[in-house]
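Okay, so here's the structure we're looking at.
Every number in this text was worked out from the coordinates using simple rules, so none of it is lab data. Small disclaimer: the values here were computed from a predicted structure and weren't measured. Here the Cβ positions follow ideal geometry from the backbone for every residue, glycine too, while neighbour counts run over all protein chains shown.
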Amino acid sequence: MGYAPRAMSEHRAAIRWKNPNPGPDFLKGKYSREHTWTFDGGLTVPASPAPSVVPAPWSNAAHVDPEEAFVASIASCHFLTFVFVASRRGFQVDAYEDDAVGEMKKNERGVPWVARVVLSPSVTYGAEKRPSRDQEAELHHLAHEQCFIANSVKTEIIVSGR
């Protein structure tokens, strides 16, 4: 009998969709894919497939798509871990910006996937103590190594300087 570790925590998201125009067009792929994500804290976010995956009018570019959310979760986790690591090393972070980009490719079976996410963080430090380039690179390395999301995916994650 194997050991099954207990979950440290659970994170929930509820997905809700209802076909606004039920009928025979559904079988022809003519239906809205707009839906909502509701998170355990109560926030509801409008979601849709990316227009590059499902063209309008069956998608909505103004809504968050799963690929954007995936990129954002990686970038957000790196940010949160970086700020934590920097604080533990005595560096005060006053601002952090990142324009992260996810790259879709086809895998060996021809199935599209988010193969790479490039993070481009720009960090502003306060107080007297500032990291050298090597120290900042080490902070990003430690953040990447400790990020829960980075440890959960096979996507290549690159941290590039701006």
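Shown in residue order for segment 33-40 are the 3J(HN,Hα) couplings computed by the Karplus curve 6.51 cos²θ - 1.76 cosθ + 1.60 at θ = phi - 60°: 9, 4, 8, 10, 10, 10, 9, 4 Hz (x for Gly and Pro).
Compute the signed sum of charges (Lys and Arg +1, Asp and Glu -1) over the other residues within less than 10 Å, Cβ to Cβ, of residue 38.
Net local charge, residue 38 excluded: +1.
For a straight C-alpha distance cut-off of 16 angstrom, the aspartates and glutamates reachable from residue 106 (same-chain residues fewer than eight places away being disregarded) are 67, 156.
Counting only other residues whose beta carbon sits under 13 Å from that of residue 26, what net charge do I get with K and R as +1, D and E as -1?
On the way: positive: 18, 28, 30, 33; negative: 25.
My count for the surroundings of residue 26 gives +3.
Once the Cα atoms are used to define both axes, helix 133-146 deviates from the longest principal axis of the chain by about 50 degrees.
Between helix 66-88 and the chain, what is the angle of the helix's C-alpha long axis to the longest principal axis, kept within 0 to 90° and rounded to the nearest 10? That works out to roughly 20 degrees.
Per-residue 3J(HN,Hα) values for segment 45-61, derived from phi via the Karplus relation 6.51 cos²θ - 1.76 cosθ + 1.60 with θ = phi - 60°, read 10, x, 10, 6, x, 5, x, 6, 9, 10, x, 4, x, 8, 9, 9, 5 Hz in sequence order (x marks Gly and Pro). Calculated FRET efficiency, residue 129 to residue 84, Cβ-Cβ distance, R0 = 22 Å: about 0.85 to the nearest 0.05. Taking a sphere under 13 Å around the Cβ of residue 155 and counting the other residues whose Cβ falls inside, with K and R at +1 and D and E at -1, yields a net charge of 0. Once you've got the Cα coordinates, tell me which of 18/105; 105/129; 28/154 are over 32 Å apart. Violating the 32 Å Cα-Cα cut-off are 105/129; 28/154. Considering only alpha-carbon pairs that sit under 8 angstrom and 6 or more positions apart, the relative contact order computed for segment 1-113 is 15 percent. Less than 5 angstrom separates the built amide H of residue 100 from those of 120, all sequence-distant by 5 or more or on a different chain. Close amide-amide hydrogen proximity is noted between residue 125 and 94, each under 5 Å apart and 5 or more residues distant or on a separate chain (H modeled in the peptide plane; Pro and chain starts excluded).
If you work out Cα extents along the principal axes in Å from the coordinates, which of (1) 48, 37, 30; (2) 66, 48, 38; (3) 39, 34, 28 do you get? From the options (1) 48, 37, 30; (2) 66, 48, 38; (3) 39, 34, 28, the structure gives (2).
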